[in-house]
Amino acid sequence: MCPFCDEVLSGTSFSIDLRDILDKINVNGGTKQDPTPQNPNHLIAQRGLTASIEFCVQHRHEKQYQVALNQGWPTRPDFIDLPDRVAGLAE
Ligand SMILES: [Zn+2]
């Protein structure tokens, strides 16, 4: 569960990127424990939403990335073939 917005995360632990962002938030103003009944690990960023938003953007990206992988989206798009594929969609 996200410590800032309480959204359910895609994994059971923080990714390396999420850990790095949380470390950065803690360096630049820090966080304060603010446990709630729903989220005992809830935090408040001392510098407000602008300090924690990067964390939430990243975990939402990671969740969507996992959905894309599960749906078979390529991780390395074929840009050489892209124009022909786009043109094919218009037909
Ligand atoms: Zn969040």
| message | Anything in region 1-36 that is within 15 Å of the ligand (Cβ to nearest atom), of a type outside the set (S, T, Y) and more than 18 Å from R60 (Cβ to Cβ)? List them, or say none. | response | D34
| request: Kindly provide the set of residues from region 45-78 that are over 11 Å from the mean Cα position of the chain (by Cα) and within 16 Å of the ligand (Cβ to nearest atom), ordered by number. | output: A45, R47, G48, L49, T50, A51, S52
| Matching option when the condition is on the phi > 0 side of the Ramachandran plot, modelled with pLDDT under 95 and out of contact with any Cys (no Cβ under 6 Å at 6 or more places or on another chain), among G72, G11 | G72
| request: Quick one: which helices (runs of 4 or more DSSP H) lie wholly within the chain and hold at least 2 residues that are among the acidic types (D, E)? | output: 16-27, 49-70
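Yes/no matrix, rows are residues, columns are (1) under 18 Å from S10 (Cα atoms); (2) surrounded by 13 or more Cβ atoms within 10 Å (Cβ to Cβ); (3) hydrophobic (A, V, I, L, M, F, W, C):
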site	(1), (2), (3)
V27	no, no, yes
Q33	no, no, no
N39	yes, yes, no
A45	no, yes, yes
E54	yes, yes, no
| How many of the residues making up region 1-47 are among the aliphatic types (A, V, I, L, M), touching a residue at least 12 places away in the same chain (Cβ under 8 Å) and within 30 Å of A68 (Cα to Cα)? | 7
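The values are calculated or read from the model by the stated rules, or taken from the named source; none is laboratory data. Everything numeric here is computed off the predicted structure, so don't read it as measured data. Cβ coordinates were reconstructed from backbone atoms using ideal geometry, including for glycine residues, and neighbour counts include every protein chain displayed.
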